[in-house]
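Everything on this sheet refers to the single structure shown next.
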Amino acid sequence: MDYTEGRGWHDPRIVPYGPISHDPAAMIFHYGQAVFEGMKAFRTVSGEIALFRPEQNAKRLQRSSERLSIPTIDEAFVVEAIRTLVSLDKIWVPAKKGSSLYIRPFVIATEAMLGVRPSAQYSFIVIMSPVDAYYEEGLHPVNILVESYYARAVLGGTGNAKVAGNYAGSLKAQTLAKEHDCAQVLWLDAIEKKYLEEVGSMNVFFKIGGEVVTPSLSGSILDGITRSSIIHLLRNWGIPVTERKVSIDEIVQAHADGTLEEAYGTGTAAVVSPIGSLLWNGNRMEINGGQTGELVERLYLEITGIQEGTRPDQFGWLTYCE
Ligand code: PMP
């Protein structure tokens, strides 16, 4: 679907997958007006196809668009467009346990114009691809590098928006993490380099002395849909979760005291990912003996159970496609 100033969003259409061409002066190539989402469709055990909380992705796409001065798209339209597309292509939603159809909606600036101002033309595009389960053989704890120099996103900058530029800026630190045998980076806040933000493409949770904590949404942390689902589930189970500032010093102290019980990341790709160790200032802090914790396992089974239809969808998180 395209947007033209004065005309609004128009011409929704479904076309065969293939390359798209744009003028070399298209503003996306120069000024980075690009926002995106990541979500999944699942084939439930009863054979129906379900999307997981797609209205949340549509809302976040709107918030990200607003931040980049991109005209927003009606939330219901986005959900309906994705439902239609998935319904047409349901053959691509794998039946294998844990597998899913990954869906990537995005908006880019297409006007051919060199000059820094919002584009007058955009395209909204949705592409999809089947993906295997993130964890084929059960959860597997990962090593994480706590990044002290680079910042992912800045409050007042593009902060919590899901914009392409935030990911471009994260690649350098991601490469460094790999060199240290770490799967991802744990970002600290950009200003004090003290408070934890998130892990690569996941939000982060800790269990410290029996209390579950997660960094409060600071304005530069992505408002993860898995994060909000996990907070909801934990509270529903009667397990309190505190959203507050969590400093790296607190984590180091809890590790030294032996009260750091579990750590895990949360996101659409992996659902939950146990953290086996944190590398900070050259010291590797092992968590839970490098093993998957009980709580993370329970959360994983519950969310994947809801997604595959083996556990009740008691919060109405699934949207079915025809
Ligand atoms: N933080 C970042 C930076 C991410 O890219 C993602 C993945 N979208 C997340 C957190 C987790 O968000 P969600 O649970 O909505 O996938």
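The values are calculated or read from the model by the stated rules, or taken from the named source; none is laboratory data. Only a predicted model underlies this, so the values are computations on that prediction, with no experimental measurement involved. Positions of Cβ are backbone-derived with ideal geometry, glycine not excepted, and every protein chain shown enters the neighbour counts.
Scanning segment 24-58 for residues being within 14 Å of the ligand (Cβ to nearest atom), among the charged types (D, E, K, R) and assigned to a strand (DSSP E or B) gives a total of 1. Residues in segment 140-164 that are touching a Phe, Trp or Tyr at 6+ places or on another chain (Cβ under 6 Å), in a loop (DSSP other than H, G, I, E, B) and farther than 17 Å from Ser218 by Cα: none. Would a scan of segment 187-198 turn up a residue that is within 15 Å of the ligand (Cβ to nearest atom) and either among the polar types (S, T, N, Q) or surrounded by fewer than 18 Cβ atoms within 10 Å (Cβ to Cβ) (or both)? Scanning segment 187-198 turns up no residue that is within 15 Å of the ligand (Cβ to nearest atom) and either among the polar types (S, T, N, Q) or surrounded by fewer than 18 Cβ atoms within 10 Å (Cβ to Cβ) (or both). Do we have Ser64 as modelled with pLDDT of 95 or more, part of a loop (DSSP other than H, G, I, E, B) and either closer than 18 Å to Val163 by Cα or not assigned by TED's automatic domain parsing to the domain that holds Ile127 (or both) here? Here the answer is no, as Ser64 does not meet what is asked. Answer yes or no: is there a residue in segment 173-181 that is under 16 Å from the mean Cα position of the chain (by Cα) and touching a residue at least 40 places away in the same chain (Cβ under 8 Å). No, segment 173-181 contains no residue that is under 16 Å from the mean Cα position of the chain (by Cα) and touching a residue at least 40 places away in the same chain (Cβ under 8 Å). Comparison of Ile231, Ile275 shows that the only residue that is closer than 14 Å to Val204 by Cα, free of Cβ contacts under 8 Å to residues at least 24 places away in the same chain and within 18 Å of the chain's Cα centre (by Cα) is Ile231.
As a summary of the residue check, Leu217 satisfies the conditions (1) within 19 Å of Leu299 (Cβ to Cβ); (2) surrounded by fewer than 20 Cβ atoms within 10 Å (Cβ to Cβ); (3) within 16 Å of the ligand (Cβ to nearest atom) except for the one numbered (1).
I need the full set of residues from segment 1-23 which are in a loop (DSSP other than H, G, I, E, B) and surrounded by 16 or more Cβ atoms within 10 Å (Cβ to Cβ), in order please. Result: Met1, single match.
The residue list Asn203, Asn143 contains one member that is under 25 Å from Gly289 (Cβ atoms), more than 16 Å from the ligand (Cβ to nearest atom) and touching a Gly at 6+ places or on another chain (Cβ under 8 Å), which is Asn143.
Evaluate segment 109-121: report whether one residue or more is within 16 Å of the ligand (Cβ to nearest atom), out of contact with any helix residue (DSSP H, G or I) (no Cβ under 6 Å at 6 or more places or on another chain) and not in a loop (DSSP other than H, G, I, E, B). No, every residue in segment 109-121 fails to be within 16 Å of the ligand (Cβ to nearest atom), out of contact with any helix residue (DSSP H, G or I) (no Cβ under 6 Å at 6 or more places or on another chain) and not in a loop (DSSP other than H, G, I, E, B).
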